[in-house]
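Since the structure comes first, as structure tokens, the remarks are kept for the end.
The values are calculated or read from the model by the stated rules, or taken from the named source; none is laboratory data. No experiment lies behind these values; they were computed from the predicted model shown. Positions of Cβ are generated from backbone atoms using ideal geometry, with glycine treated the same way; all protein chains shown enter the neighbour counts.
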Amino acid sequence: MTLHTHLAILQQAEYDWKRYWAWCKKHAGDQTEVQPKKKTAKYWLMLLLSIPLSVFLAPQTALRIALTLVLIPETIIRGIISVLAQLKLQAFQHRGLVIIAIAGSYAKTSTKHLLAQTLSPYLSVLATPDSVNTSLGIALTILKNLKNTHRVFIVELGAYQKGDVAQLVRFVHPNYGILTPIGAEHLERFGSFENVVETETELITTLPIPVLSHDQNITIIPEKLKTPRVSFYGFFPNSAFDISHVRITRSGTSCALAVNNANYDIFVPLFGKHNIVNILPSFWLAEKLGLQPWDIINTFASLQPVLHRLQPISTESGMLILDNGYNSYPDSVKESLAVLKEIPGKTKIVITPGFVEMGDRQAMYNEILGGQLAEVATVVCVTGTSNLSAIQKGLEKKKFPKKSFFTAKNENDAVRVLSSLFKADTVLLFEGGTPEIYQ
């Protein structure tokens, strides 16, 4: 493979040498050319440093030296940015800025954006953009976007190894915490599910702040952490909320909600029970921020979907597309398939590459996925080859019709292959996407 391909793979591995080297060993002898996701300044600097080195050295060795040279000044610059951002944030906190930190395996970004939308009509809110959840991304958001007028700052906390959440909690020093569902995520990096649990619950253990946790975590969180400052939201009986009469249509989701001895009829133009759950932290925070429940409810009907997280897309043919291209984990897939099952439609298509970063459990999780798809979808198309055999095995165990199973190189190819099925009574779910590093 060429130097350019090696650099593109290193970029897709987020310049993590261990992940890049594991890919190299797995694809030894592969001559496939891979293009970079985006030619950033770091990409060009790496390329300029490694080209002269590659004249005398192997591409991997040249890139290793170039990466070392780049990381030295990058680490210094990151440290300076972090200190400046922390000083600014501390000054704003002394003036009354309320900081809300959101951790968890999935639904962080959705919860963050929905919370920002519900609070914004009444309070000046800043949230970390898109899926920004690293220390550098948070620091840059603080330095560039945090203004004196902001009353609330909502921060998403990302994690890939033990200590990541604790580090970010100490950095932003939040007033309140929201812990979304904990599930199997990035096992390739975490090493075990136990490490995931320990890391995500650092939101509870690092600082003595009030935390609202998804009730799915009740059986996961250690008993010693279930103190009075930790409350729960969701469908379980011990939740602070009572949700009933959930109904999903092509327009959105409605339900009856009982909280604090009051009853409300709720409608959101979003799909699924999980999105009803995702708006519940708004109620919890409304009281703490001096708002009334009706203030929050009035914003629900105008909520906008979060990009690539069961985002509905209408087509000229009348076919409904659900784009869940970003948010694909074993637990979150259960939710998106539950939505697909409930939404009216004759033909229900799922296009998916399967799960990635599942470590030595990847084949197992993808076989389970195949079985889940067989129970809901009428047509399944698997993109790429990494998880093809495992998903196919799961489908076959459920006796899924072979004539309804397709394969494709990527999502664009899948659309071409299945285009004849796209009609008004079709619902198409894009479940997950995959970069070339996982092909």
So G345, is it in a loop (DSSP other than H, G, I, E, B) and more than 20 Å from A184 (Cβ to Cβ):
yes
Residues that are in a loop (DSSP other than H, G, I, E, B), in contact with a Pro (Cβ under 8 Å, 6 or more places away or on another chain) and buried (at least 18 other Cβ atoms within 10 Å of the Cβ), drawn from region 295-329:
L303, P305
When T149 is run through (1) part of a loop (DSSP other than H, G, I, E, B); (2) in contact with a strand residue (DSSP E or B) (Cβ under 9 Å, 6 or more places away or on another chain); (3) polar (S, T, N, Q); (4) modelled with pLDDT of 95 or more, the failure sits at (2)
Just the residues that are crowded, with 17+ Cβ neighbours inside 10 Å and either of a type in the set (D, E) or part of a helix (DSSP H, G or I) (or both), please, taken from region 5-22.
T5, H6, L7, A8, I9, L10, Q11, Q12, R19, Y20
Selected residue [surrounded by 16 or more Cβ atoms within 10 Å (Cβ to Cβ) and either aromatic (F, W, Y) or not in a loop (DSSP other than H, G, I, E, B) (or both)] from E198, E194:
E198
Could you go through region 263-284 and let me know if any residue there is surrounded by fewer than 16 Cβ atoms within 10 Å (Cβ to Cβ), more than 25 Å from the chain's Cα centre (by Cα) and in contact (Cβ under 8 Å) with a residue 12 or more places away in the chain.
yes
Looking at T109, T128, which one is at pLDDT below 95, closer than 26 Å to L303 by Cα, buried (at least 19 other Cβ atoms within 10 Å of the Cβ) and not hydrophobic (A, V, I, L, M, F, W, C)?
T109
Just to verify a result, which residue in region 118-146, among those that are over 21 Å from the mean Cα position of the chain (by Cα) and in a helix (DSSP H, G or I), is nearest to I76 (Cα to Cα)?
L143
Looking only at region 164-191, filter to residues that are acidic (D, E) and surrounded by 19 or more Cβ atoms within 10 Å (Cβ to Cβ); which one of those is modelled with the highest pLDDT?
D164
Subset of region 163-181 (residues that are touching a residue at least 40 places away in the same chain (Cβ under 8 Å) and more than 16 Å from V98 (Cβ to Cβ))
V165, A166, L168, F171, L179, T180, P181
Which residues, counting only those in region 420-439, are modelled with pLDDT of 90 or more and either within 23 Å of V339 (Cβ to Cβ) or not assigned by TED's automatic domain parsing to the domain that holds G325 (or both)?
L421, F422, K423, A424, D425, T426, V427, L428, L429, F430, E431
Mind listing just one residue for me: the one in region 237-248 that is assigned to a strand (DSSP E or B) and touching a residue at least 24 places away in the same chain (Cβ under 8 Å) and, of those, surrounded by the fewest Cβ atoms within 10 Å (Cβ to Cβ)?
V246
Going residue by residue through region 131-144, is there one that turns out to be within 22 Å of V277 (Cα to Cα) and at pLDDT 95 or above?
no
Yes or no: K38 basic (K, R) and in a loop (DSSP other than H, G, I, E, B)?
yes
Is at least one residue of region 72-85 more than 30 Å from A286 (Cβ to Cβ) and touching a Lys or Arg at 6+ places or on another chain (Cβ under 9 Å)?
yes
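Yes/no per residue for (1) under 18 Å from T111 (Cα atoms); (2) part of a loop (DSSP other than H, G, I, E, B):
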| position | (1), (2) |
| --- | --- |
| I220 | no, yes |
| S231 | yes, no |
| F235 | yes, yes |
| R250 | no, yes |
| S254 | yes, no |
| D265 | no, no |
